[in-house]
Amino acid sequence: MYQEINTMAASGKTLKAFCCSGTSGQMIMIFNDETFVTFGVNRPYYSDDYEIIPKKLEWLEFGDEQLIRHGLATQAEIDSRRADFIASHR
């Protein structure tokens, strides 16, 4: 499975694919060496001056199919994360 890395460590890497979340405003850039970085949108309270900033991947904001297709997770990992999330919010 792929490993999330710091944005600075991505310098010089070859981009393999990317995918975007339709709900959280996150974008994942996936590299050939089985690493990825995640970017998100910072929405200021008083301004329309949005920023694209490094973020940690919010797994539940992406569709299962996207994560599996790009090799970021297996169905078992997704199911486990979802179960952990549900259990922690009861």
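Beta carbons closer than 6 Å, at least 6 apart along the sequence or on distinct chains, never pair a first residue in segment 8-20 that is surrounded by 15 or more Cβ atoms within 10 Å (Cβ to Cβ) with a second that is part of a loop (DSSP other than H, G, I, E, B) and of a type in the set (D, E, K, R). If you take the residues in segment 27-58 that are over 17 Å from Ile68 (Cα atoms) and touching a Phe, Trp or Tyr at 6+ places or on another chain (Cβ under 8 Å), which one is surrounded by the most Cβ atoms within 10 Å (Cβ to Cβ)? The selected residue is Lys55. Filtering segment 56-90 to residues that are among the aliphatic types (A, V, I, L, M) and closer than 22 Å to Glu34 by Cα leaves Leu57, Leu60, Leu67, Ile68, Leu72, Ala73, Ala76, Ile78.
Within segment 51-65, the presence of at least one residue that is without any contact (Cβ under 8 Å) to a residue 40 or more places away in the chain and in contact with a Lys or Arg (Cβ under 8 Å, 6 or more places away or on another chain) is confirmed.
Can you tell me which residue in segment 59-77 is surrounded by the fewest Cβ atoms within 10 Å (Cβ to Cβ), limited to those that are more than 17 Å from Gln3 (Cβ to Cβ) and aliphatic (A, V, I, L, M)?
In this case the residue turns out to be Ala76.
Only the coordinates and a few stated rules stand behind these numbers; no lab work does. Keep in mind that what you see is a predicted model, and the values were worked out from it rather than measured. Virtual Cβ from ideal backbone geometry, glycine too; neighbours counted across all protein chains shown.
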